[in-house]
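Worksheet: one structure, shown below.
The values are calculated or read from the model by the stated rules, or taken from the named source; none is laboratory data. Here the structure is a predicted model, which means the values were calculated and not measured. Note that we place each Cβ from the backbone using ideal geometry, even for glycine, and neighbour counts take in every protein chain shown. Side chains are part of the model used for accessible areas, which takes the heavy atoms of the whole protein and leaves out ligands, DNA and RNA. Shrake-Rupley method; radii C 1.70, N 1.55, O 1.52, S 1.80 Å.
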Amino acid sequence: MRYEVWAPLAGRVEVVVDGADHPMRRDPVREGWWTADVGPDGGDGQRYAFRLDGGEPLPDPRSRRQPQGPDGPSSVVAPPTWAGTQPWHGRPLAGAVLYELHVGTFTREGTFDAAAARLGHLAALGVTHVELLPVCPFPGTHGWGYDGVSLWAVHEPYGGPAGLRRFVAAAHRHGLGVVLDVVHNHLGPSGNHLSRFGPYFTDTHTTPWGAAVNLDAPGSDEVRAYLVGSALAWIRDFRLDGLRLDAVHALVDTRAVHFLEELSRAVDALAHEVGRPLFLIAESDLNDPRTTADREAGGLGLHAQWSDDFHHALHTALTGESGGYYADFARAPLAALARTLSGGFFHDGSHSSFRGRGHGRPWPAGASGHRLLGYAQTHDQIGNRALGDRLTARQLTLAAALVLTSPFTPMLFMGEEWGAATAWQYFTDHPDPALAEAVRTGRRREFAAHGWDAAEIPDPQDPATRLRSCLDWDEPERVPHDRLLAWYRTLIALRRAEPDLGSPDLAATAVTYDEADGWLLVRRGSLHVAVNFADVPRTLPLHGGEVLASSAELPHGEAALTLPGWTAAVLRGGQALRGGAVRG
């Protein structure tokens, strides 16, 4: 068995195999690398670690399995086999409907196998891809996954690498693609041993989490290769369809070829190699269309990016909230919705009061709307609220109509489709008492600064916080959850059946609204999506048309379309009436 490790700072390295030390030699070709051949081959399950300059054994930075957690020895994992599983030819991003899923709270069991048993629900819902929140190892049993370490391995309490392969195989049997959220911009504070091996981090740049990942300082060639190799391994070894890249705006890189361009080129090459579509979705705070522009045109070549602007406009229209980054959208939320639905970004160079400066640049004319993800809720937008509260069923009725008929690629957050009454709160399971207390007090201090009573903020370390966040799978069968679920299924089916609803052409999306009366009318080709945000009936400037779907019974025989309060409808045809101009 050959063992290899990049440890350029070490003067002596041993590989510890089943408790016995074996000296490693410097690789004569690859600077900073050490190798050793140790026999006999222990095969799958062989435990090993690396000892640097006589120190304590450390897990392999490229470990594929950490059976005892981030601080324990690594384990050899046999090459994956998909024998007995059906072939998978992939599902492209264009035309997709994504579903964000956290393995640890999708079920109370919190495992891949338990989540796989619920995939029939998602297939019946009509989504095309499951987007898993991060599954790299992190301290303890339960957590969001954004403090993960061991970027090539799978969290053992979820089921480890074998469990993830079973989940993906089950998803494919249901016709569902699988996307994985990966975090390259930082590692968790506990169990992160990378800096002991080499210059994985640099003080040249700083991030909200401290020193930046080293993408452009000395030694960064190997760090970039480590991250690209990890991304390709996830896709290749687990037959994934794509990756969601967390907070790419925090990946500071001053080199001529940005790390994201290098990554997108590698993923496109892998797609050609495996003969199926693969894609990268960026979470970006930059409102920069160059993130998803083609590399040949000077872009980074990523395939899509999240659209927080659409979320913020929709959220303010539904809730009336106006604090923080919602302020600019809340001044005229329907105007903000109209601007994002037809133009992509709200902040396209305009002044952002939250940032105190201009922000963003225009979404290019003709650029496909499917390169922007549209959503009403995400793990961030729920879990980062003080109490982890979700939108109500009434609010989701309207949100679903706009998300699922938009020119964007729609994404749902787990449980949204039936208006889950369970919160989704911030929870951790740090074994280190000092770190646990720092997280607990830090969370309470953060929200106390915004006027919350610290005693109201859930304790992230309390197991009850995680349990409150688990979905209740009895809800979808109960009133009123069943009605909302039927509405989501209807809208997704309509999006699939009606090409105009699935069109990513922003130029073919026209929006009329009345800010004062609280209604919005979106034309999508030959179809109209009508939404009434008011508590009372409103008459919209649309006459005739075939009602394809409505969240409530509509009055008949009206000269123009009248919607009851908090109602949405999708209609084919219809004639826009004169006098239906935008009114602020």
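Residue check: is residue 65 among the basic types (Lys, Arg), surrounded by 20 or more Cβ atoms within 10 Å (Cβ to Cβ) and either touching a residue at least 24 places away in the same chain (Cβ under 8 Å) or in a helix (DSSP H, G or I) (or both)?
Details: among the basic types (Lys, Arg): yes; surrounded by 20 or more Cβ atoms within 10 Å (Cβ to Cβ): yes; either touching a residue at least 24 places away in the same chain (Cβ under 8 Å) or in a helix (DSSP H, G or I) (or both): yes.
Taking the combined requirement at face value, the residue satisfies it.
Residue by residue through the range 5-43, note down the ones that are free of Cβ contacts under 8 Å to residues at least 40 places away in the same chain, among the charged types (D, E, K, R) and surrounded by fewer than 18 Cβ atoms within 10 Å (Cβ to Cβ).
Selection gives 18, 21, 25, 26, 27, 30, 31, 37.
Tally up the residues in the range 507-527 that are of a type in the set (A, V, I, L, M) and buried (at least 22 other Cβ atoms within 10 Å of the Cβ), please. It would help to see each step written out before you state the result.
So in the range 507-527, the residues of a type in the set (A, V, I, L, M) come out as 507-508, 510-511, 516, 520-522, 527.
Checking the rest, the ones that are also buried (at least 22 other Cβ atoms within 10 Å of the Cβ) come to 520-522, 527.
Residues flagged as of a type in the set (A, V, I, L, M) and buried (at least 22 other Cβ atoms within 10 Å of the Cβ) within the range 507-527 amount to 4.
Does the range 356-371 include one or more residues that are part of a loop (DSSP other than H, G, I, E, B), basic (Lys, Arg) and free of Cβ contacts under 8 Å to residues at least 40 places away in the same chain? Let's see the steps before the verdict.
Taking the range 356-371 first, the residues part of a loop (DSSP other than H, G, I, E, B) are 356, 359-368.
Keeping just the survivors that are basic (Lys, Arg) gives 361.
Then drop every residue that is not free of Cβ contacts under 8 Å to residues at least 40 places away in the same chain, which leaves none.
Among the residues of the range 356-371, not one is part of a loop (DSSP other than H, G, I, E, B), basic (Lys, Arg) and free of Cβ contacts under 8 Å to residues at least 40 places away in the same chain, which makes the answer no.
Name the residue, out of 424, 452, that is open to solvent by 10 Å² or more (accessible area, probe 1.4 Å), outside any helix (DSSP H, G or I) and not hydroxyl-bearing (Ser, Thr, Tyr). Working first, answer last.
Numbers: 424 fails: open to solvent by 10 Å² or more (accessible area, probe 1.4 Å).
Exactly one residue qualifies, and that residue is 452.
Given (1) within 18 Å of residue 411 (Cα to Cα); (2) at pLDDT below 95, where does residue 324 come up short, assuming only one miss?
(1)
Hey, residue 346 hits all of (1) within 15 Å of residue 369 (Cβ to Cβ); (2) in contact with a strand residue (DSSP E or B) (Cβ under 9 Å, 6 or more places away or on another chain) but one; which does it fall short on?
(2)
Kindly evaluate residue 48 against the criterion of being over 30 Å from residue 504 (Cβ atoms), in contact (Cβ under 8 Å) with a residue 40 or more places away in the chain and outside any loop (DSSP other than H, G, I, E, B).
Numbers: over 30 Å from residue 504 (Cβ atoms): yes; in contact (Cβ under 8 Å) with a residue 40 or more places away in the chain: yes; outside any loop (DSSP other than H, G, I, E, B): yes.
Here the answer is yes, as residue 48 does meet what is asked.
Taking only the range 466-484 into account, find how many residues are in a helix (DSSP H, G or I) and surrounded by fewer than 20 Cβ atoms within 10 Å (Cβ to Cβ). Give the steps one after another, and end with the answer.
Kept after step one, since they are in a helix (DSSP H, G or I), are these residues of the range 466-484: 466-468, 475-477, 481-484.
Adding the requirement that they be surrounded by fewer than 20 Cβ atoms within 10 Å (Cβ to Cβ) leaves 467-468, 475-477, 482-483.
Adding up the residues that qualify gives 7.
Report whether or not residue 318 is surrounded by 15 or more Cβ atoms within 10 Å (Cβ to Cβ) and outside any loop (DSSP other than H, G, I, E, B). Let's see the steps before the verdict.
Values: surrounded by 15 or more Cβ atoms within 10 Å (Cβ to Cβ): yes; outside any loop (DSSP other than H, G, I, E, B): yes.
So residue 318 passes the test.
Quick test for you: out of 211, 231, pick the one residue that is in contact with a His (Cβ under 9 Å, 6 or more places away or on another chain), on the phi < 0 side of the Ramachandran plot, open to solvent by 10 Å² or more (accessible area, probe 1.4 Å) and not in a loop (DSSP other than H, G, I, E, B). Even if it seems obvious, please write down each step before you answer.
Working: 231 fails: open to solvent by 10 Å² or more (accessible area, probe 1.4 Å).
Residue meeting the stated conditions: 211.
Taking the range 498-533 as the region of interest, how many residues are over 17 Å from residue 548 (Cα atoms) and part of a loop (DSSP other than H, G, I, E, B)? Full working, then the answer.
Within the range 498-533, the subset over 17 Å from residue 548 (Cα atoms) is 503-520, 533.
Keeping just the survivors that are part of a loop (DSSP other than H, G, I, E, B) gives 503-505, 515-518, 533.
Counting residues in the range 498-533 that are over 17 Å from residue 548 (Cα atoms) and part of a loop (DSSP other than H, G, I, E, B) gives 8.
Consider only pairs whose beta carbons are under 7 Å apart and that are at least six residues apart or on different chains; among these, list those whose first residue lies in the range 220-233 and is within 17 Å of residue 257 (Cβ to Cβ) and whose second residue is open to solvent by 10 Å² or more (accessible area, probe 1.4 Å) and hydroxyl-bearing (Ser, Thr, Tyr).
Cβ pairs passing all conditions: none.
Could you check the range 237-259 and list, in sequence order, the residues that are under 30 Å from residue 166 (Cα atoms) and not in a loop (DSSP other than H, G, I, E, B)?
Going residue by residue through the range 237-259, those that are under 30 Å from residue 166 (Cα atoms) are 237-248.
If the condition is that a residue be under 30 Å from residue 166 (Cα atoms) and not in a loop (DSSP other than H, G, I, E, B), then 237, 238, 242, 243, 244, 245, 248 are the ones that fit.
Suppose the filter is among the small types (Gly, Ala, Ser) and without any contact (Cβ under 8 Å) to a residue 40 or more places away in the chain; does residue 72 pass it?
Answer is yes for this residue.
Go over the candidates 545, 579, 584 one by one and state the one that is modelled with pLDDT under 95, over 15 Å from residue 401 (Cα atoms), in contact with a His (Cβ under 7 Å, 6 or more places away or on another chain) and not acidic (Asp, Glu). Steps first, answer last, please.
Numbers: 579 fails: in contact with a His (Cβ under 7 Å, 6 or more places away or on another chain); 584 fails: in contact with a His (Cβ under 7 Å, 6 or more places away or on another chain).
Going through 545, 579, 584 in turn, the sole match is 545.
Could you grab me the full set of residues in the range 331-368 that are basic (Lys, Arg), out of contact with any Gly (no Cβ under 6 Å at 6 or more places or on another chain) and surrounded by fewer than 18 Cβ atoms within 10 Å (Cβ to Cβ)?
Step one: list which residues in the range 331-368 are basic (Lys, Arg), which gives 331, 339, 355, 357, 361.
Going one step further and asking which of them are out of contact with any Gly (no Cβ under 6 Å at 6 or more places or on another chain), we end up with 331, 339, 355, 357.
Residues satisfying the conditions are 331, 355, 357.
Considering only the range 379-400, how many residues are within 17 Å of the chain's Cα centre (by Cα) and not in a loop (DSSP other than H, G, I, E, B)?
5
Tell me the residue from 341, 334 that is touching a helix residue (DSSP H, G or I) at 6+ places or on another chain (Cβ under 8 Å), closer than 20 Å to residue 496 by Cα and assigned to a helix (DSSP H, G or I), please.
Numbers: 334 fails: closer than 20 Å to residue 496 by Cα.
The unique qualifying residue is 341.
Here is a list of conditions, (1) surrounded by 14 or more Cβ atoms within 10 Å (Cβ to Cβ); (2) within 27 Å of the chain's Cα centre (by Cα); (3) free of Cβ contacts under 8 Å to residues at least 24 places away in the same chain, and residue 497 meets all of them except one; can you say which number that is?
Unmet condition: (1).
Within the range 371-388, identify whether any single residue is surrounded by fewer than 24 Cβ atoms within 10 Å (Cβ to Cβ) and touching a Leu at 6+ places or on another chain (Cβ under 7 Å), and answer yes or no.
Checking the range 371-388: at least one residue is surrounded by fewer than 24 Cβ atoms within 10 Å (Cβ to Cβ) and touching a Leu at 6+ places or on another chain (Cβ under 7 Å).
Residue by residue through the range 518-576, note down the ones that are acidic (Asp, Glu) and farther than 25 Å from residue 320 by Cα.
Narrowing the range 518-576 to residues acidic (Asp, Glu): 535, 546, 553, 558.
Answer for the range 518-576, where residues must be acidic (Asp, Glu) and farther than 25 Å from residue 320 by Cα: 546, 553, 558.
Any idea which residue in the range 273-303 is surrounded by the most Cβ atoms within 10 Å (Cβ to Cβ), counting only those that are outside any loop (DSSP other than H, G, I, E, B) and over 14 Å from the mean Cα position of the chain (by Cα)?
Pass one, the range 273-303, residues outside any loop (DSSP other than H, G, I, E, B): 273-274, 279-282, 289-291, 295-297.
Remaining after also requiring over 14 Å from the mean Cα position of the chain (by Cα): 273-274, 289-291, 295-297.
Details: 273: 11, 274: 15, 289: 20, 290: 16, 291: 24, 295: 17, 296: 7, 297: 9.
Here the residue is 291.
If I ask for residues that are on the phi > 0 side of the Ramachandran plot and of a type in the set (Gly, Ala, Ser), which ones from the range 48-65 would you list? Quick ask: steps written out before the conclusion?
If we filter the range 48-65 for residues that are on the phi > 0 side of the Ramachandran plot, which is where we start, we get 53-54.
Selection gives 54 alone.
Within the range 188-208, can you find the residues that are within 23 Å of the chain's Cα centre (by Cα) and open to solvent by 30 Å² or more (accessible area, probe 1.4 Å)?
Once the filter is applied, which keeps residues that are within 23 Å of the chain's Cα centre (by Cα) and open to solvent by 30 Å² or more (accessible area, probe 1.4 Å), the range 188-208 yields 189, 192, 208.
For the range 377-391, state whether one or more residues are aliphatic (A, V, I, L, M) and within 13 Å of residue 310 (Cα to Cα).
From the range 377-391, those aliphatic (A, V, I, L, M) are 382, 386-387, 391; that's our starting set.
From what's left, within 13 Å of residue 310 (Cα to Cα): none.
Among the residues of the range 377-391, not one is aliphatic (A, V, I, L, M) and within 13 Å of residue 310 (Cα to Cα), which makes the answer no.
Inside the range 556-573, can you point out the residues that are open to solvent by 60 Å² or more (accessible area, probe 1.4 Å) and assigned to a loop (DSSP other than H, G, I, E, B)?
The initial filter retains those residues of the range 556-573 that are open to solvent by 60 Å² or more (accessible area, probe 1.4 Å), namely 556-559, 572.
Correct list: 556, 557, 558, 559.
Determine the pairs where a residue that is among the small types (Gly, Ala, Ser), located within the range 445-463, has a partner that is open to solvent by 60 Å² or more (accessible area, probe 1.4 Å) with Cβ atoms under 6 Å apart, the partner being 6 or more residues away or on another chain.
Sorted first by the residue in the range 445-463, then by its partner, the pairs are 454/444.
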